[in-house]
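So the structure is just underneath, and the comments pick up after that.
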């Protein structure tokens, strides 16, 4: 009972803060409104034929942060396969040995 009364009081307080619009201020469906709230836009036929360029990744350059992450992950989980490393965020590794090469270069 107490909870219902609190909900009722909360709803009444919330409604008291809002401005209510009376029916006569609204526009009827058959009524014509003189104010223009939108503008018409011409459809260009060439937009139907638009195809965006394919995005290509720069595979040749791999950031040092990525290499460090791959080395650390491979060292932390030596039993993981290359497929598991790919699914865990090292998708640019081609072979498991690449992680070892990154590690040697880092030293």
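Descriptive notes on the structure:
- Restricting region 83-107 to residues that are outside any loop (DSSP other than H, G, I, E, B) and at pLDDT 80 or above, the residue that is surrounded by the fewest Cβ atoms within 10 Å (Cβ to Cβ) is 83.
- Residue selected from region 55-76 under the condition at pLDDT 80 or above and surrounded by fewer than 10 Cβ atoms within 10 Å (Cβ to Cβ), by the criterion nearest to residue 93 (Cα to Cα): 65
- Test: residue in region 32-48 that is at pLDDT 75 or above and under 36 Å from the mean Cα position of the chain (by Cα): no
- Flag set for residue 79, criterion: modelled with pLDDT of 80 or more and part of a loop (DSSP other than H, G, I, E, B).
The values are calculated or read from the model by the stated rules, or taken from the named source; none is laboratory data. Because the structure is a prediction, the values reported are computed rather than measured. Cβ: placed from backbone, ideal geometry, glycine included. Neighbour counts: every protein chain shown.
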